[in-house]
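Notes follow once the structure below has been shown.
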Amino acid sequence: MRSPSLLRVIAASLLVGVLVITGSLVAHDGDITGLIKFGSAPDAMAITDHVEAEMGRAIATVEAEGHDGKYFFLQALDPLFLTPDDHAALLDRPVYRGQRMLFPLISGAGGLVPATALPWTMALTNLAAIALGTAATAQLARRRGASEWWGLAFALNVGVIFEFDITGAGILAFAAALWGTVALEARDDRRAAAWFTVAVLAREVMFLYLAGALLLRLVRTRRVPWLIGIPPTVAALSWAVYLRLRLTEGSGVDEVQEFGLPFGGMAGAFENWIDNPVDLAVIAALVAIIPLLVVRALREPTYLSWGSLGFVVLAIFFSRQVWWRFFDISRAIAPVITAYLVATFATGEAASPSPLSEPSGRSDDAVATV
């Protein structure tokens, strides 16, 4: 049963999303397409011109190339790639982008939403995802004996806010992973498998979160959690095969640009941080909480903290382009931020260090149906 306080927390999280939408509308003279970040640079105009033709009007643009939202918009026009020559041909990395299929599938209602309404349905989908992730985080905080208001560690996560501001798929992916975490704590393996399937279909990098969480389950039970791990893997692989049958170019592997040598991205971006004090301050804070989360995860192992450790490893290998601005790196390691806040501050009288052995008894109070 949902408590009145949980409903207030969810309402507060929705306000965060509404403020992002409102800010974008004000900045772009009331045009919701500004939230998607279509580019105005010469290399970006092919997509911008295509979308304007689809919508039958001029759209709001930002400087330079724009951002990920424009690619999700193209996918949402044809999320099943039934006519890949119409829209997918404009994707910069078709297979890489296409693997993240669930957000455009939902926001585009399988391709049924017309282009004119799509910017709004994309914004509303992320608004719902913020509420979903906040509710899950509140459940995890309550299980630790803390206030449900710590659910806002999801909605106020700077990475989540920036992801909303570019209309990306990361909010839905992280929210689903958190509900998978709630199900893991309640030892509801079938529900956990379902939620993690949603997470990896929204953003394939959530396999790292799944791997970390299942590693803790393995350590605790000494049994491989096949029931949880197989469904997301089969779903992602099935979509990957389908995608490659629909697209004639790209393998996916050769399209990845976000990784490099260990710590190479940080070293390459350091000069930019020095020239931009805001980037330096925020990234310094992010770098500081990474080892702190690792310590917390080892001292007090939880599915949330162990799932987020995969993003700690990922951060070491991120390329210069990811580390260049705090805007991008905060989105890339968003689970680390929420996990650190919950592990450090969401504590209460009922909380106790989580054992490496699976806790006995099922906590029905830990799960709320959605």
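General observations
- Placed amide H near PHE259: partners under 5 Å, 5+ positions off or other chain: SER319
- Kirkwood Rh and Cα Rg combined as Rg over Rh, evaluated for segment 166-248: 1.02
- The trypsin sites (Lys or Arg not before Pro) of segment 53-100 that meet both conditions, a loop assignment by DSSP and at most 14 other Cβ atoms within 10 Å of the site Cβ, are ARG57.
- If the chain linking SER238 and ALA46 were pulled fully straight, counting 0.36 nm for each residue of separation and taking away their Cα-Cα distance, it would gain 66.0 nm.
- Å² per residue, accessible surface of the chain at 1.4 Å: 42 Å²
- On the beta carbon distance between ARG190 and GLU271, with R0 = 41 Å, the FRET formula returns roughly 0.25.
- Gained length - THR347 relative to LEU80, 0.36 nm times residue gap less alpha-carbon distance: 91.7 nm
- With 5 Å bins beginning at zero, the pair-distance distribution over Cα atoms of segment 265-318 amounts to 4, 18, 24, 20, 15, 10, 6, 2 %.
- Sparsely packed trypsin sites (Lys or Arg not before Pro) within segment 156-252, loop by DSSP, other Cβ within 10 Å at most 14: ARG222, ARG223
- Listed residues ALA332, ALA64, ALA44, most fluctuating in the chain (Gaussian network, C-alpha, under 10 Å): ALA64
- Between LEU7 and ALA27, the modelled label-to-label distance comes to 3.4 nm, taking each label 7 Å out from Cα in the direction of the beta carbon.
- For segment 45-89, applying the loop criterion from DSSP together with a ceiling of 14 other beta carbons within 10 Å to the GluC sites (Glu not before Pro) yields GLU63.
- Taking only protein heavy atoms and a 1.4 Å probe, the accessible area of the chain is 64% carbon and sulfur.
The values are calculated or read from the model by the stated rules, or taken from the named source; none is laboratory data. Computed from a predicted model, the values in this text were never measured in an experiment. Neighbour counts are summed over all protein chains in view; Cβ atoms, including those assigned to glycine, are modelled from backbone coordinates with ideal geometry. When the accessible area is computed, the model is the full protein with side chains, heavy atoms only, and any ligands, DNA or RNA have been set aside. Shrake-Rupley method; radii C 1.70, N 1.55, O 1.52, S 1.80 Å.
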